[in-house]
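The values are calculated or read from the model by the stated rules, or taken from the named source; none is laboratory data. Nothing here was measured: the structure is a model prediction, and the numbers come from that model. Every residue, glycine among them, receives a Cβ derived from its backbone with ideal geometry; neighbour counts consider all protein chains shown. These accessible areas exclude ligands, DNA and RNA; they are computed on the full protein's heavy atoms, side chains included. Shrake-Rupley method; radii C 1.70, N 1.55, O 1.52, S 1.80 Å.
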Amino acid sequence: MTEALCKRLLDEYAAVRDSLPADVVSPERRQEAIDALAARGLPVTRDENWRYTNLRPLERARFAPAAAAPARGASGTPPPLPSGLDLPAGLGGFARYTFVDGAYAPELSSPREQAGLTVRHLRQAPDGAAAQAHSAAVLRLPRALPASSGLPEARLALLNEAFATDTAAIHVSGAAAAPACVELVFVALAGADKGASYPRIEVSLDPASRLILVERHVGADAGASFVNCSVNVDVGRGAHLTHYRLQRAGARSTWLDTLSAALAADARYGLLAVSTGGLSARSTTHVQMAGAGAQLALSVAALGDRQQVQDHFALVEHIAPRTRTEQTFRGIASGRARVAFNGKIAVREAAAGTDSRQSLRGLLAGPEAEIDVRPQLEIYTDEVRCSHGATAGKLDEDMLFYLLSRGLSPEVAQRLLKWAFLEDVVAKIEIPELRRQIEHGLAGQMADAASLKELL
Amino acid sequence: MLKIENLHVKVDGKEILKGLTLAIPTGEVHAVMGPNGSGKSTLANVLAGRPGYEITAGSVTFQGRDLLGLAPEERAREGVFLGFQYPVEIPGVNNVYLLKAAVNAARKHRGLEEVDAFEFLTLVREKMRLMRMEESMLSRGVNEGFSGGEKKRNEILQMLVLEPRLAILDETDSGLDIDALKIVAHGVNTLRSPERSLVLVTHYQRLLDYIVPDHVHVLVRGRIARSGDKSLALELERRGYDWVTGEAA
Ligand SMILES: Nc1ncnc2c1ncn2[C@@H]1O[C@H](COP(=O)(O)OP(=O)(O)OP(=O)(O)O)[C@@H](O)[C@H]1O
Ligand SMILES: [Mg+2]
């Protein structure tokens, strides 16, 4: 990080420091985060594991949060969303919480009480049954920075820590017959020149509890926002978390994201991400398999077109014995896009009996596109089972010709094959309603023609 | 229907078809036999428009039009069907979806409306019964996990649904058990009509017991070395290719 950039970061922080809510992140922790960031510096393209990210927007970004309180009409009227930005239809049985530019928007939310579930955020719901519970609640703050913020790849979480304007803190307690269902929608409206948006999520599951979390990031089609998202996940012993992350940021946005998760013994975490939005998108995922018998299924689909950059870095650490992970990546780069997935697996000394499978595949769908899938393996113990497959290539000529020989146009044939390629990830979406939404979104992303939607 | 004249084709710089001439009149069934590597699949692929073949001389006219000037998908929509020697597996592309897309592409080409979904399924089910295929195969990926014989049956199913004017079946009988051979032959026979032509590429005389050809051609080193009626296949079976290759040399 250049000195000028560092100075600007500190100045911007100093200017807004006193207006940042202390009950989202305490002033001490904010200071600690900004100091750590200044010391370590923001990532640069020279850094290993950041080569594919487009980091230029960081140099131009305004770090201070965009309007902390989004403009809103009289009580009950939703703030105006720009035309062309329709929030996705809610999912049956899910409580929805919407945040606009990093601040809770009650008008766009529909909380729903569920056994064992608490969702806290700064701006409490103005009325309704949940309001009581909410107003009494004080955000439970972890006392220290998340362990992974020391990780070079997780540095951007510090930026969120320093500037965060609100948090969605989800806590699930007790074993229930059915999992709690929560949907978080983060809308980025403000342009990068007005300031940044800091979505922030803290998820904690008590032992044996269950949660299905749908996390969506949306922006206006032409939106050019600067979004820096931070997610912390803590899955307790024997607890079960299914987590969908759908990134459909505005087409000119910079979308940066850090997710850190720790799994206790026998915990299960299903994390499925679909990234299609943003001009420059980068996701860092760090999962610690800290308890024996923990299981992780990490699935990522990324679609890049035009000048888009879709960069994913995932580090999975097997720390405890008998942990299992299954990683699936499917990425397609069209136009002049760059799509990368760097999947690193570390098996620590005590992690005997680790079982790790990785299937990474990239599809090059344009002469000027670029794709990079990179498996990395570090093993510090014996007695592990690791299987890894990584391929990057073009559409299969034989498949293509087969489809053409049946009369399909080259455009439809290519689209079909791209579609089929993503299926390994899409088929894993267990909520039919959500899968349909995602399929429609992908079909729309891949083609203007309705030909694919016929499939659905 | 189809007229091939003096066709010369190179693959990777090597000449495979060396002046092949062959005419398939409308309504006829022709069998093409010949030793391994003689160029039978090359011919089939060139007719279907597969990329990677360099046509250095000759012409192919299909219903009076220059076939070689058409893109593969245009040939298909005009009614040319290739049954592949090795049908490719396409996981994730649904069998029934491909069938429907193929039918609609041809209909659109002829200025017809899209096929009614219900009628279409009824038709497909009927043809599947004819081919003795499990209905569950419809919802699977194209040829995904199909056995060798199932893939060949699936090719014939597609042909039955698409009702092409010219079908070129490249060794559709290879890899079929005795019962499947009869089923496939029966399927093919239902399509025989005065408006349709069929080219059967095969190594085995047995297929021709079930689908009786009007003519049999022997392809040797990129050229038709001998033509005759059904009895030629029987004679080949008895005497082997040496008999013809010797003559052709
Ligand atoms: N891509 C290629 N590069 C080089 N040679 C090729 C290529 N494709 C085909 N050939 C050669 O062309 C010749 C004809 O092949 P073709 O597949 O047409 O034979 P065939 O008559 O169908 O044989 P079979 O009975 O074994 O199916 C063979 O010698 C083959 O090796
Ligand atoms: Mg062949």
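Counting heavy atoms of the protein chains alone, B:K3 has an accessible area of about 110 Å² for a 1.4 Å probe.
For A:E326, B:E114, B:E150, the ranking by accessible surface with the largest value first comes to B:E114, A:E326, B:E150, using a 1.4 Å probe. For the range A:3-291, the equivalent ellipsoid derived from the alpha-carbon gyration tensor has semi-axes of 27, 23, 18 Å in decreasing order.
When the surface is traced with a 1.4 Å probe over the full set of protein chains, A:E430 keeps roughly 140 Å² accessible.
Per the Kirkwood formula applied to alpha carbons, the range A:241-353 shows a radius of gyration over Rh ratio, Rg over Rh, of 1.04. The magnitude of the dipole of the protein assembly as shown, with charges of +1 and -1 set on the Cβ of Lys/Arg and Asp/Glu and taken from the Cα centre, is near 320 debye.
Taking every DSSP beta bridge with both residues inside the range A:3-291, roughly what % is antiparallel (nearest 5)? Antiparallel: roughly 10 percent of the beta bridges in the range A:3-291. Within 10 Å of the Cβ of each residue in A:407-414, the mean number of Cβ atoms contributed by other protein chains is 6.
Ellipsoid fit via the Cα gyration tensor, the protein assembly as shown: semi-axes of 60, 25, 24 Å, each the root of five times an eigenvalue, largest first. Across chain A, Cα pairs under 8 Å and at least six residues apart give a relative contact order of 10 percent. For A:V100, the accessible area of its heavy atoms, probed at 1.4 Å with every protein chain present, is near 0 square angstrom.
With a 1.4 Å probe rolled over the protein heavy atoms of all chains, the accessible area of A:S83, A:S280 falls in the order A:S83, A:S280, largest first.
Ignoring everything except DSSP H segments at least 4 long, calculate the 222 nm mean residue ellipticity for the protein assembly as shown; use -39,500 (n - 2.57) per segment, divide by total residues, nearest 500.
Working: 17 runs with 186 residues, N = 705.
That calculation yields -8000 deg cm²/dmol at 222 nm.
The mean sequence distance of close C-alpha pairs (under 8 Å, at least 6 residues apart), as a share of the length of the range B:136-249, puts its relative contact order at 20 percent.
Based on the alpha-carbon gyration tensor of the range B:141-249, what equivalent-ellipsoid semi-axes (square roots of 5 times the eigenvalues) come out, in whole Å, largest first?
Computed over the range B:141-249, the values are 26, 16, 13 Å.
Normalised by the number of residues in chain B, the mean separation of alpha-carbon contacts (under 8 Å, six or more apart) gives a relative contact order of 27 percent. Averaging Cα coordinates gives a centre for the range B:172-197 and one for the range B:199-249; these two points are 18 Å apart. Averaged over the residues of peptide B:85-96, the number of Cβ atoms from other protein chains lying within 10 Å of each residue's Cβ is 5. Mean per-residue shielding of peptide B:135-142 is 1, counting Cβ atoms of other chains within 10 Å of each Cβ.
Can you find, among B:G175, B:A23, B:P35, the residue farthest towards the positive end of the dipole of chain B? Put +1 on the C-beta of Lys and Arg, -1 on that of Asp and Glu. Among B:G175, B:A23, B:P35, the one farthest towards the positive end of the dipole of chain B is B:A23. Across all Cα pairs in the range A:258-316, the calculated P(r) in 5 Å bins from zero up to the longest distance comes to 5, 17, 26, 19, 14, 9, 6, 3, 1 percent per bin.
Ranked from largest to smallest solvent-accessible area, with a 1.4 Å probe on the protein heavy atoms, A:H171, A:H312 come out as A:H171, A:H312.
Restricting the calculation to Cα atoms, the range A:185-294 shows an Rg/Rh of 1.05 when the hydrodynamic-style radius is the Kirkwood one.
Spatial offset of the range A:290-310 relative to the range B:18-92 amounts to 44 Å, using the alpha carbon center of each.
Can you pull a Stokes-Einstein diffusion coefficient for the range A:328-456 at 37 °C (0.692 mPa s), Rh from Kirkwood over Cα pairs, as a whole number of µm²/s? Diffusion coefficient, whole number: 197 µm²/s.
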